[in-house]
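Read-outs throughout are calculated quantities, based only on the coordinates presented, and are distinct from any laboratory measurement. These numbers were taken from a predicted model, which means no experiment stands behind them. Methodologically, a virtual Cβ is constructed for each residue, glycine included, from the backbone with ideal geometry; neighbour enumeration extends over all protein chains shown.
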Amino acid sequence: MAEVYDRPPEKFKLRLRRYDPESGDAPYWDEHTVELEPHRSVLEAVLQAKDRYDGSIGIRCSCRQAICGSCGVRVNGEPALACHTHLDAAKAGAREGVIEVEPMGNMSVIKDLIVDMDAVHWKKIQRVTPWLIAKQPVPEREYIVSKESMVDVTQTMACIQCGACVSDCLAMEVDPGFIGPAALAKAYRFVGDPRDDQQFERLNDLAQDPQGIFDCTHCFKCVEACPKDVNPMGQIMRLRRIATSDHHIVDQNNGERHEAALTGLVRDYGLLHEAELIPRSYGGNSWFAKFHPAAGKELLSSLPTALKGVLRGKIGLKTAVFGHKIPSRDLKAVQSIYDKIESRPERYELNLYIAGEDEQLEKPSGDAVAAAVTHESGGKEPDTTEQGGRA
Amino acid sequence: MPEHDVLIIGAGLAGQRAALAAAQAGASVAIMSKVHPVRSHSVAAAGGINAAISVDDDWHSHAYDTVKGSDYLGDQDAIEIMCSEAPQEVMDLEHMGVTFHRNEEGEMDLRAFGGASMKRTAYVADITGQALLHVLYEQLMKHHETVARYEEWFATSLLLGEDGLCCGAIAREVRSGHMEAFTAKNVILACGGAGQAYKPTTNGLIVTGDGIAMAYRAGAPLMDMEMVQYHPTTLVETGILITEGARGEGAHLLNAAGERFMEKSAPNKMELASRDVVSRAEQIEIDEGRGVGPDGAGIFLDVSVVPRKRTLEALREIVNLGRDFAGVDITREPIMIRPGQHYIMGGVKTDVDGRTPIEGLYAAGEVACVSVHGGNRLGANSLLDTLIFGRRAGEHAAARAASMAMPGVDANAGLRRDAARIDAILARDRDGGGSASPRRVSEIKSELGETMNRHVAVFRNEQGLQSALETIGRLKEEAERAYVDDRGTVFNQDVLGAIELDFMIDCAETTVVAAIERKESRGAQYRTDFPERNDEQWLKHIDISLGGDGGAGRPHITYSPVTITQWQPEERKY
């Protein structure tokens with residue numbers, strides 16, 4: 001047994017963010033000292049304070065084992081399940097050794113650590129038609145589908161709807177209407193399910209929505225926040241890849257063209273050619289693209305930013321106009337990556353439920369790294385060195 | 001005042017399945033839960049769901065295994081219904097979207113489970129309960145026009161008409177503190193077991209016997225309450241469950257000498273004997289000094305004998321649990337476990353359509369006792385129980401609703417009584433107003449749980465049970481004066497905790513009374529003072545209702561026969 005689990009109880013200082021909506025007072029900090037073994041959870045600490053000192057502390061909780069999804073909070077500013085965060089780890093990340101527990105972000109607070117999940121999280125879940133629209137005719141017995149496909153959607157099925165990703169979503173902070181990581185991961189659960197009849201309709205809906213799949217800004221916050229390795233951003237990227245590569249959905253938000261422009265420019269120049277990005281995003285890869293009216297308008301609006309960059313020496317005038325030049329050997333190397341990936345008959349996608357090589361799984365830094373690679377639809381075990389999806 | 005054909009209290013698997021069935025039968029449905037439905041404790045069921053779906057299997061075999069597992073206390077007519085309807089139910093859930101694990105041919109894969117004579121457990125990794133629960137909730141969202149959801153509403157009591165029929169419930173909206181009376185033609189209780197009456201337990205903090213106690217107070221009899229399942233593999237420190245799926249995949253149980261001790265008590269099935277048998281065998285090892293760990297209070301579960309790739313794919317959740325809650329990589333080293341309270345086979349007595357003896361009141365799932373589990377529930381039969389009898393209760397209640405008018409009932413008296421009860425709790429004096437100083441709700445709850453775990457556990461005897469009963473009597477008095485800190489209305493969990501404590505005490509009391517009454521050893525009830533099964537005298541259910549000859553407010557014992565259709569009691573060997 002791991003010795004770390006035999007340590008005696010220690011004192012921990014907790015600083016809880018409290019709010020009593022009936023008092024008329026502003027939120028405040030409430031400190032308690034609890035005594036527990038260091039590997040016990042922040043939830044147990046909060047409950048000890050509640051049981052021993054102040055029964056009015058409000059927190060949703062039930063299972064104590066990271067499966068019911070009730071106790072989403074922020075610990076030292078980071079979203080987490082209280083039951084899934086060890087006290088010693090929380091203390092190590094705390095300012096002045098005091099563990100701060102606050103309600104989640106992006107949702108309004110009802111009382112203390114309890115937020116309004118219905119108004120935000122669940123409303124967004126309902127946005128993605130969150131039920132299977134079964135292919136007809138329904139078979140007498142089970143649908144015959146590949147083992148891999150069911151294991152694949154089980155990763156999103158593993159979402160416990162705790163709201164940690166919603167709490168930390170930067171895009172949602174700027175645009176509260178963004179469908180968001182949890183709901184889009186839920187959408188993948190149907191899009192990736194071979195029994196669902198509406199893959200195209202679902203994807204078209206989410207791609208055309210200005211607050212849909214192309215509203216995500218790839219900040220990785222949801223990936224870090226998720227206590228169940230659902231990898232919401234990864235699921236959003238998969239929705240994009242299926243929408244664009246498989247269904248060739250060209251969305252009104254220009255998301256598809258923008259991605260094509262970005263990857264195309266990196267292939268052509270080895271680095272991003274910023275000045276070309278907007279024209280290509282609107283007009284595609286042609287000389288006339290520069291005269292696309294929407295491109296002109298956006299170029300004009302981004303001119304102040306570009307000028308500032310030039311003035312501060314972040315970009316040279318020449319680079320701004322003609323793009324970056326990298327040595328041809330390096331450019332070739334970049335392009336060979338494209339060739340290699342694009343020459344594959346099928347895409348490879350990450351999935352945590354399909355175990356790969358032992359070496360990968362031994363990395364201690366969490367399962368995101370430990371992800372094994374698998375074939376999206378085939379059955380064979382791929383070479384694990386060829387990790388990653390399409391550019 | 002909201003009115004519905006069918007009001008369901010509890011939104012775990014049984015409740016949601018009932019809601020869906022009733023809605024599909026055309027009833028207007030309301031489903032109420034004190035937590036958001038996906039927080040319900042069905043979410044924690046890991047291993048899978050039993051159904052004879054394999055072409056080589058036969059539901060009779062499933063039924064026989066269940067009867068044998070129940071130590072012949074299960075009612076065989078109900079078991080036949082459950083097992084024969086299981087394959088279609090599982091297929092229906094698959095069609096709704098449950099992502100059941102497939103084999104190489106793309107058909108549903110099946111894993112081995114305890115007490116089963118062949119592989120018949122369908123599963124979704126080791127998050128089967130979660131997958132089922134979330135898929136059913138998807139269906140509730142789909143049927144939002146016919147199923148009204150009252151999420152985070154706490155039911156405080158059942159509403160009875162003057163004719164004694166059940167016609168609704170009183171509830172408090174947790175968020176606002178608002179009290180409301182719900183009128184309904186039928187009420188289905190689906191609010192789970194009473195695991196929190198034990199400490200430790202695998203059950204979540206919300207599992208406080210609310211439905212059992214509400215039905216008991218309304219006059220419904222409880223059955224098989226003495227049958228409390230201790231799961232063989234729970235983490236020593238926290239009581240967190242390690243799924244039976246681990247042993248289903250081939251994991252071993254080892255004592256301090258490294259011996260697979262199960263060969264002594266179950267030479268054929270070994271680790272996959274039924275849960276009561278395995279838990280007893282473990283407890284014997286621990287009690288006789290062959291346990292592992294600092295106090296010798298544990299047993300080793302060795303999952304490392306399962307191929308690592310398989311463990312990571314099919315037992316991922318417990319790999320995480322081991323890492324996060326015990327600091328053990330279960331794919332490489334054994335983990336320390338012990339028997340821990342997990343499930344109550346008993347509950348509100350119902351027939352095979354979920355009907356209780358109170359007309360208009362139904363129960364399904366762990367809150368109910370049909371009885372399909374008898375003295376001991378087989379692993380992966382609980383999810384099945386919730387779905388089959390949840391659906392049947394929903395269908396029956398919808399049909400009954402179609403044939404009757406909305407009951408006219410004056411709910412105000414009940415509403416005022418429950419509101420006054422809450423006000424009285426809020427007003428309790430912290431210093432006791434002169435008498436002995438009152439205790440916190442949390443302290444009483446803790447003592448209750450420890451008492452139950454000490455005396456009403458794997459092994460029981462008259463002396464221990466009597467002392468537990470005495471303690472419960474004292475705690476009952478203390479609970480009446482227990483004080484709370486929160487005087488507010490918004491999300492006052494403190495005052496609801498006081499009500500839950502009363503519910504748990506009722507459950508604990510009836511459990512102990514039944515355990516004292518049954519003077520034999522059968523299933524989960526093992527009396528060291530009556531170590532043999534005694535079919536002549538005790539092949540019968542113990543029913544407990546409130547009042548009667550026992551005196552007002554006291555449990556009253558009667559018996560009911562066990563239904564035997566085709567399997568006569570035999571000696572039980574694994």
Mean other chain Cβ within 10 Å across B:315-325 is 5
Take peptides A:50-57, A:88-95 and line them up by average Cβ neighbours within 10 Å, highest first, as a rough protection proxy. A:50-57, A:88-95
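Considering just Cα atoms, how many Å³ per residue does the convex hull of region A:59-127 enclose? Let's see the in-between values first.
Numbers: hull volume 6.1 nm³, N = 69.
Convex hull volume per residue, Cα atoms: 88 Å³.
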Using a basic spin-label model with each label point 7 Å from the Cα along Cα→Cβ, how many nm lie between B:A297 and A:E346? 5.1
Plugging the Cβ-Cβ distance of A:L272 and A:R52 into 1/(1 + (r/R0)^6) at R0 = 60 Å yields, to the nearest 0.05, a FRET efficiency of 0.60
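Within the set of other residues whose C-beta is less than 13 Å from the C-beta of B:M1, count the net charge using Lys and Arg as +1 and Asp and Glu as -1.
-3
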When you take every Cα atom in region B:511-566, what is the radius of gyration, and what is Dmax, the widest Cα pair distance, in Å? 12.6, 40
Taking chain A as the reference, fit the longest principal axis to its C-alpha atoms, fit the long axis of helix A:42-52 to the helix C-alpha atoms, and give the angle between the two in degrees, 0 to 90, nearest 10. 30
Please give, to one decimal in nm, the separation of the simple spin-label points placed at B:E359 and B:E263, each 7 Å out from Cα toward the Cβ. 6.2
Over what distance in Å are the Cα centres of region B:255-303 and region A:220-283 separated? 55
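On full extension of the chain, what length is gained from B:E288 through B:K519, given 0.36 nm per residue of separation minus the C-alpha to C-alpha distance? Please report the intermediate quantities before stating the final value.
Details: separation 231, 0.36 × 231 = 83.16 nm, distance 2.46 nm.
Length gained between B:E288 and B:K519: 80.7 nm.
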Which GluC sites (Glu not before Pro) in region B:490-574 sit in a loop by DSSP (not H, G, I, E or B) and have at most 14 other Cβ atoms within 10 Å of their own Cβ? B:E532, B:E570, B:E571
Taking every pair of alpha-carbon atoms in region B:403-467, what share in percent sits in each 10 Å bin, from 0 to the bin with the longest distance? 15, 23, 23, 24, 15, 1
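Taking only complete DSSP H runs, can you tell me which helices of chain B stretch 24 Å or more along their own long axis by Cα positions and average at least 0.5 on the Kyte-Doolittle scale?
Both cut-offs are met by B:493-517.
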Paramagnetic reach from A:C219 in region A:57-81 [backbone N under 14 Å; point 7 Å along Cα→Cβ]: A:78-79
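Just for chain B, what percent of DSSP beta bridges are antiparallel, to the closest 5? Walk me through the intermediate numbers first.
On the way: 44 of 67 bridges.
Around 65 percent antiparallel, to the nearest 5.
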Quick note, region A:255-342: a/c under 1.5 would make it rounded; otherwise a/b > b/c is prolate and the rest oblate (a ≥ b ≥ c, C-alpha gyration tensor); here it is oblate
Among A:L311, B:L205, which comes first, then next, by fewest other beta-carbon atoms within 10 Å? A:L311, B:L205
Mean Cβ neighbour count within 10 Å, used as a protection proxy, ranking B:441-452, B:228-239 highest first: B:228-239, B:441-452
If I model a spin label at B:R217 and A:S286 as a point 7 Å from the Cα along the Cα→Cβ vector, what separation in nanometres do I get? 7.6
Under a no-solvent Debye model with one identical scatterer per Cα of the protein assembly as shown, what's log10 I(q)/I(0) at q = 0.08 Å⁻¹? -0.77
Note to self: Kirkwood Rh of chain B, Cα pairs, one decimal, Å, is 23.7
Using the Kirkwood radius over C-alpha pairs as Rh, can you work out the diffusion coefficient of region A:118-246 via Stokes-Einstein at 25 °C, viscosity 0.890 mPa s, in µm² per second? 166
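With a ≥ b ≥ c the root eigenvalues of the C-alpha gyration tensor of region B:296-439, is it rounded (a/c under 1.5), prolate (a/b larger than b/c) or oblate? Could the numbers behind the result be given before it?
Working: a/c = 3.00, a/b = 1.41, b/c = 2.13.
It comes out oblate by the Cα gyration axes.
Answer rounded, prolate or oblate for region B:358-515, using the Cα gyration tensor with square roots of eigenvalues a ≥ b ≥ c: rounded when a/c is under 1.5, else prolate when a/b is larger than b/c, else oblate.
Details: a/c = 2.47, a/b = 1.20, b/c = 2.05.
Oblate is the answer for region B:358-515, as a/c is 1.5 or above yet b/c matches or exceeds a/b.
Could you work out [θ]222 nm for the protein assembly as shown from helices alone, using -39500 (n - 2.57) per DSSP H run of at least four and dividing by all its residues? Round to the nearest 500 deg cm²/dmol. Walk me through the numbers on the way to the answer.
Working: 33 runs with 359 residues, N = 965.
Value at 222 nm, helices only: -11000 deg cm²/dmol.
Kindly put B:C166, A:C219, B:C191 in sequence by how many other C-beta atoms sit within 10 Å of each C-beta, fewest to most.
So the ranking, lowest neighbour count to highest, is A:C219, B:C166, B:C191.
Take every residue in peptide A:124-136, count the Cβ atoms of other chains within 10 Å of its Cβ, and give the average of those counts. Kindly include the intermediate steps, with their values, before the conclusion.
On the way: counts 0, 3, 3, 0, 0, 3, 7, 10, 10, 2, 4, 0, 0.
Counting other chains' Cβ atoms within 10 Å and averaging over A:124-136 gives 3.
Using the count of nearby Cβ atoms within 10 Å as a rough guide to exposure, how do A:K135, B:K34 rank from fewest to most?
Working: A:K135 14, B:K34 25.
Starting with the residue having the fewest Cβ neighbours, the order is A:K135, B:K34.
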Relative to the longest principal axis of the C-alpha atoms of chain A, give the angle of the C-alpha long axis of helix A:199-208, reported between 0 and 90° and rounded to the nearest 10°. 90
Placing +1 on the Cβ of each Lys and Arg and -1 on the Cβ of each Asp and Glu in region A:3-115, which of A:Y28, A:A90, A:S108 has its Cα farthest towards the positive end of the resulting dipole? A:S108
Rg followed by Dmax, in Å, when region B:176-218 is reduced to its Cα trace: 13.1, 38
17 Å reach of a label modelled at B:H144, 7 Å along Cα-to-Cβ, counting backbone N of region B:9-26: B:20
Chain A: Cys lacking any partner C-beta under 4.7 angstrom: A:C83, A:C159, A:C162, A:C169, A:C216, A:C219, A:C226
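Mind checking the alpha-carbon convex hull of region A:3-115 and giving the volume per residue in Å³?
Details: hull volume 11.6 nm³, N = 113.
Dividing the Cα hull volume of region A:3-115 by its residue count gives 103 Å³.
May I ask for the net charge around B:Y230, where only other residues with Cβ less than 12 Å from the Cβ of B:Y230 are counted and Lys, Arg are +1 while Asp, Glu are -1?
Result for the local shell: +3.
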Any idea what the relative contact order of region A:179-295 is, in percent, if you count C-alpha pairs under 8 Å spaced at least 6 apart? 21
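Given an 8 Å cut-off on Cα distances and at least 6 residues of separation, report the relative contact order of chain B as a percent. Please report the intermediate quantities before stating the final value.
Values: 1392 pairs, mean separation 125.2, N = 574.
Relative CO of chain B lands at 22 percent.
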Straight distance only, please: which lysines reach the Cα of B:K519 with their own Cα at less than 19 Å, same-chain residues fewer than 8 apart left out? B:K540
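Provide the gained length on full extension for the span B:H60 to B:T528, in nm with one decimal, where the gain is 0.36 nm per separating residue minus the Cα-Cα distance. Don't skip to the end; give the middle numbers.
Numbers: separation 468, 0.36 × 468 = 168.48 nm, distance 3.36 nm.
So the extension gain works out to 165.1 nm.
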What does DSSP give for the protein assembly as shown in terms of the percent of beta bridges that are antiparallel, rounded to the nearest 5? 70
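If Lys and Arg each add +1 and Asp and Glu each add -1, what is the summed charge of the other residues whose beta carbon sits under 9 Å from the beta carbon of B:E94? Let's see the in-between values first.
On the way: positive: A:R141, A:R195; negative: A:E142, B:D92.
So the environment of B:E94 carries a net charge of 0.
How high is the relative contact order of region B:92-169, in percent, with contacts defined as C-alpha pairs under 8 Å that are six or more residues apart?
Working: 63 pairs, mean separation 15.1, N = 78.
After rounding, I find 19 percent.
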For q = 0.15 Å⁻¹, Debye-computed log10 I/I(0) when each Cα of chain A counts as one equal scatterer: -1.34
If I take the Cα coordinates of region B:1-135 and project them onto the principal axes, what are the three extents in Å, biggest first? 52, 36, 26
Principal axis dimensions, region B:233-340 - Cα atoms, whole angstrom, descending: 34, 31, 22
At R0 = 41 Å the Cβ-Cβ FRET efficiency linking A:V138 and A:D118, nearest 0.05, sits at 0.80
Calculated log₁₀ intensity ratio I(q)/I(0) where the Debye formula runs over C-alpha points of region A:233-295, q = 0.18, 0.19, 0.25 Å⁻¹: -0.66, -0.72, -1.05
